[in-house]
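Have a look at the structure below, then the notes.
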Amino acid sequence: MSMKKLSQFEKYGIMAAIIIACTFFYMKKVYEPQEKEFKKTVAALNKVVGEVNGLKQIPPLIQVKHELENAKKDLEEVNKRLKGTLMHTGEAREVTHMLRQINEHVAASGLKVVSLTPGGRKSDTLLQLEWNLFQLSLSGSFHGFLQLLESLRNMPDAIRVDEVALTAGNGEFLEITFNLMI
């Protein structure tokens, strides 16, 4: 048995079959596994990049220092205002001293105290304050009442005025009643 010599066409056919078989095995055994790993790596990288982008950017140190300096200035201002306040603990002597100062403002405004009735203590959950409540009745002009409100507003202590009622009194004077909370 002798082997027949292959024609040129058959030689090219065998070479093409070998190249196709090698390419097929390369694609199945080398390229496709590497492509799958590459896609997994890209997906993991995109996830990490998304998480990093989702994090808030850390502010620069200069900005943090500037905000800290502003907060210190605000604290100093609050401490200065706190030194000027009369009410620190809400004790009876502080309340009495505060009422004396308010009475001086009433007199300076040209108003007259008709009555001052203690109303006990009242809690303000929103401001987290415990108020000393007084029902105050005054007699005087509307202009004097506005002057009193302005002077109370300028006091460094927390003062609240509500339930204001103005009624006509004798002559040009008004009867003014309101709740005063200190």
Of all residues making up segment 1-19, the number that are surrounded by 10 or more Cβ atoms within 10 Å (Cβ to Cβ) and of a type outside the set (Ser, Thr, Tyr): 10
Only listed residue being at pLDDT 85 or above, of a type in the set (Asp, Glu), open to solvent by 100 Å² or more (accessible area, probe 1.4 Å) and assigned to a helix (DSSP H, G or I), chosen from Glu104, Glu35: Glu104
Among (1) out of contact with any Leu (no Cβ under 6 Å at 6 or more places or on another chain); (2) modelled with pLDDT of 85 or more; (3) not acidic (Asp, Glu), the one test that Pro156 misses: (2)
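When you go through Leu152, Leu180, Leu133, Leu138 one by one, which is the residue that is surrounded by 13 or more Cβ atoms within 10 Å (Cβ to Cβ) and in a helix (DSSP H, G or I)?
Of Leu152, Leu180, Leu133, Leu138, the one residue that is surrounded by 13 or more Cβ atoms within 10 Å (Cβ to Cβ) and in a helix (DSSP H, G or I) is Leu152.
The values are calculated or read from the model by the stated rules, or taken from the named source; none is laboratory data. The structure presented is a predicted model; accordingly, all values stated were derived computationally and were not measured. Cβ: placed from backbone, ideal geometry, glycine included. Neighbour counts: every protein chain shown. Accessible surface areas use protein heavy atoms only, side chains included; no ligands, DNA or RNA. Shrake-Rupley method; radii C 1.70, N 1.55, O 1.52, S 1.80 Å.
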